[in-house]
1. Pairs only if they're at least six apart or on different chains, beta carbon under 8 angstrom, first in the range 336-348 and farther than 12 Å from LEU321 by Cβ and in the same structural domain as THR264 (by the TED database), second of a type in the set (A, V, I, L, M) and outside any helix (DSSP H, G or I); list them, first residue then second.
2. Among the residues of the range 221-258, which ones are hydrophobic (A, V, I, L, M, F, W, C) and part of a loop (DSSP other than H, G, I, E, B)?
3. Give all pairs with beta carbons closer than 7 Å in which a residue from the range 471-496 that is surrounded by 12 or more Cβ atoms within 10 Å (Cβ to Cβ) meets a residue that is at pLDDT below 95 and of a type in the set (A, V, I, L, M); count only pairs at least 6 apart in sequence or on separate chains.
4. I need the full set of residues from the range 87-144 which are of a type in the set (Val, Ile, Thr), surrounded by fewer than 19 Cβ atoms within 10 Å (Cβ to Cβ) and at pLDDT 85 or above, in order please.
5. Can you tell me which residue in the range 363-383 is least open to solvent (accessible area, probe 1.4 Å), limited to those that are farther than 30 Å from PHE118 by Cα and free of Cβ contacts under 8 Å to residues at least 40 places away in the same chain?
6. Is there a residue in the range 318-336 that is more than 30 Å from LEU459 (Cβ to Cβ), open to solvent by 10 Å² or more (accessible area, probe 1.4 Å) and of a type in the set (Asp, Glu)?
7. Give the range 390-418 a look and list any residue that's buried (at least 19 other Cβ atoms within 10 Å of the Cβ) and closer than 23 Å to ASP361 by Cα, or say none.
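The values are calculated or read from the model by the stated rules, or taken from the named source; none is laboratory data. Fair warning: this is a prediction, and the values are worked out from it, not measured in the lab. Using ideal geometry, Cβ is built from the backbone for each residue, glycine included, and neighbour counts are taken over all protein chains shown. These area figures cover heavy atoms from the full protein model, side chains too; ligands, DNA and RNA do not enter into them. Shrake-Rupley method; radii C 1.70, N 1.55, O 1.52, S 1.80 Å.
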Amino acid sequence: MRENEIKKETREDVTIWQPFMKSSAVCASVFLFMLFIFVAIIMPMHFPDTADILTTLTSHKYHLNNTKFSETPRPKIEIPVNCTTYEATKTCPSDYPTTYNPEEDRDRPPPPTCPDFFRWIYEDLKPWAETGISRENVERAKDMGLANFRLVILKGKAYLETYRRSFQTRDLFSLWGILQLLRRYPGRVPDLDLMFNCGDPPMVLSRLFTGINATTVPPVFNYCKDKEHLDIIFPDWSFWGWAEINIRPWDPLLKDIKVGNNKTKWVNKDPYAFWKGNPTVAQTRRDLLRCNPTPTQDWNARLFVNDWRREERTGFRQSNLADQCTHRYKIYIEGVAWSVSQKYILACDSVPLIIHPRFYDFFSRGLIPLHHYWPVKDYDKCRSIKFAVEWGNSHLKEAEEMGKATSEFIQEDLKMDNVYDYMFHSLNEYAKLLTYEPTIPEKATELCSEAMACKERGLHKEFMLQSQVKSPADRGPCAMPPPFSPASLHSFLQRKTDTIKEVDLMEKQYYENQTKKP
């Protein structure tokens, strides 16, 4: 009886006080109702459109946590190249920043995602993914004569052991570029020990390292490779200037080429395929010259021999790359191996006609046929070039879009920020594979910007100072995309192959129709 009365009193109490109780369900309902009123009625009166705000919040994955980043520019830390002090002491400065505190970046917006071609870094390092890289692996490159120099980075400082000088100053400017990376990201480049080759062709032939020799592959950094080699690709020296032929560092030159692109409307450019270079370095280039017009045949190509000795005598007046974007189409053809000229050709808004390449550098693996370039047969160059130009001149809108897409790829994805970030991630992923603690080689000397730039003269010194990194970057390196899965890599390569076959079929049909005409 008493129990029933208690239950009744409890029900009555609940009924009386229910509207005022702060239960979780009631609070949640009230909160959601008030939030709806605020978003739907009050917010539009005082703030930007709600949809715009939601779009902004969800468009950048890093901002979902509502982190507030400082808008105050971080004070620049100037890192001068002090030749006066260096000449007096002949020692590298001891006040270089060589440490990195991650806490400093917590109030800064996160870096962007790296361009997709950065994924090839993982592919280059696959030979050592399972076993790691031992000291014996590294020194094997020296024993086999595969490297020009050995570079060790310890606690943010660089140490160099030279085995042989490279052609011209390739080694000099490659090392300069790595030193600028250390200045750009002080303390972030991990300790490492690497071998570097500065020649044109790759060096590590894969068929020599199969079976029981598979674990002895020497890791060698190089500028290019093909399917038969295992070299680790790295940006070439000319990004910091090519003094011997008066090609400026990439950053200012890229700006000049962009200005050159805008001097003439695309439809008003010469409707031919242009190439200018040294034909003596490869038979395939000598074959290309046969595609110049004759009294009886015009293959739609305008080809010129570049005599670098004459250019040097005349002050390189006829070899300004910013003035060579005047044709609708530009031809890229390899020399001894890959050619430095590729990035300069692609920077024009002309349609690149790429004659079937054997070699590739670090960024060209990201190029897509019919989007970034028109593929040209190597064994039938003249007819293939003629068809490409005929197609482009009869599809002006599509051809112009292709040229613009390539130029944009170079201006954005290959800007100097991304060149440095590719270098950083390549070295960082490489260092993760080392199975030993790097040490300074017995014959190595410390290397710094002063030790390199202060002794140089003329264009060599001018280009070094033009490309000098004067202070650390305001942000960290870009965020690496994930590696290819076997299926995604196969699909990517297959699409490229299928597209090239499609172009071959179009060309075949074009000439078949030509022969049918009366």
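1. So the pair list comes out as VAL336/ALA282; SER339/ILE333.
2. Those that are hydrophobic (A, V, I, L, M, F, W, C) and part of a loop (DSSP other than H, G, I, E, B): CYS224, LEU230, PHE234.
3. If the second residue must be at pLDDT below 95 and of a type in the set (A, V, I, L, M), the pairs left are SER471/ILE77; SER471/ILE79; PRO472/ILE77.
4. THR89, THR91, THR113, THR131
5. ASP380
6. Taking the range 318-336 first, the residues more than 30 Å from LEU459 (Cβ to Cβ) are 328-329.
Add one more test, that the residue is open to solvent by 10 Å² or more (accessible area, probe 1.4 Å), and what stays is 328.
This time we only want the ones that are of a type in the set (Asp, Glu), so: none.
No - not one qualifying residue is present in the range 318-336.
7. The answer is MET402, GLY403, THR406, SER407, PHE409, ILE410, LEU414, MET416, ASN418.
A quick yes/no check of all residues on (1) open to solvent by 10 Å² or more (accessible area, probe 1.4 Å); (2) closer than 29 Å to CYS478 by Cβ:
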residue: TYR185; (1), (2): no, yes
residue: PRO190; (1), (2): yes, yes
residue: GLY199; (1), (2): yes, no
residue: GLY211; (1), (2): yes, no
residue: TYR223; (1), (2): no, yes
